[in-house]
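All remarks here apply to the structure that follows.
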Amino acid sequence: MTDLRDEIAREIADNTILVYGKGTKGAPRCGFTLETIQFFSAFGYPFEVVDVLENMPKRQALADLTDWPTLPKVFIKGQFYGDTDILEPMARSGELGTLLESAFAGSGVTPTIQLR
């Protein structure tokens, strides 16, 4: 289990926005993962999707780590945020846009889509 936790920690550290879901960015295998991919695509920042559909030990380790039983699970700059049920209100209030700007500040990454 330690190796699995180390792998998860590396994935989270290596990606400013990381989504654990069912399927991949190019081939989502559930509606909620598709919704999350579309949600982040609208912001224009790079993000990664890790498919955990077929990896029950990793899914369980993530559930234990986050105390969040369902997928997808979204991490931004190392912090767990839940899924789009949590992020959508943050987007409407402008809080998520500010969070993403801060998360990518100094990285040289700018969004491909300007929402303002």
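The values are calculated or read from the model by the stated rules, or taken from the named source; none is laboratory data. Remember, predicted model here, so these are calculated numbers, not experimental data. Glycine gets a Cβ as well: all are built from the backbone with ideal geometry, and neighbour counts include every protein chain shown. In case anyone asks, the SASA skips ligands and DNA or RNA and just uses the protein heavy atoms, side chains included. Shrake-Rupley method; radii C 1.70, N 1.55, O 1.52, S 1.80 Å.
Observations, loosely collected:
- Carbon-plus-sulfur accessible fraction, the chain (probe radius 1.4 Å, protein heavy atoms only): 52%.
- Compared with the dominant principal axis of the Cα atoms in the chain, helix 31-41 is inclined by about 40°.
- Surface accessible to a 1.4 Å probe, per residue, for the residues of the chain, Å²: 56
- Taking packing as the residue-averaged number of other Cβ atoms within 10 angstrom, the listed peptides 71-77, 83-89, 93-99, 47-53 run from highest to lowest as 71-77, 47-53, 83-89, 93-99.
- Long-range amide H partners of I17 with built H, under 5 Å: E48, K77
- C-alpha long axis of helix 2-14 to longest principal axis of the chain, angle in °: 10
- Degrees separating the helix 56-66 axis from the principal Cα axis of the chain, which is the longest one: 60
- Base-10 log of normalised Debye intensity for the chain (one unit scatterer per alpha-carbon) at q = 0.14, 0.16, 0.20 Å⁻¹: -0.55, -0.72, -1.11
- Segments 64-70, 105-111 sorted - mean Cβ within 10 Å per residue, highest first: 64-70, 105-111
- Residue-averaged [θ]222 nm for the chain, counting only DSSP H segments that reach four residues, each worth -39500 (n - 2.57): -14500 deg cm²/dmol
- Ordering P72, V49, T110 by Cα displacement along the dipole of the chain toward the positive end leaves T110 in first place; charges were set at the Cβ atoms of Lys, Arg (+1) and Asp, Glu (-1).
- Rh by Kirkwood over Cα pairs, then Stokes-Einstein D for region 27-75 at 1.002 mPa s and 20 °C, µm²/s: 183
- Segment T98-D3, extension gain: residue separation times 0.36 nm, minus the distance between their alpha carbons: 30.8 nm
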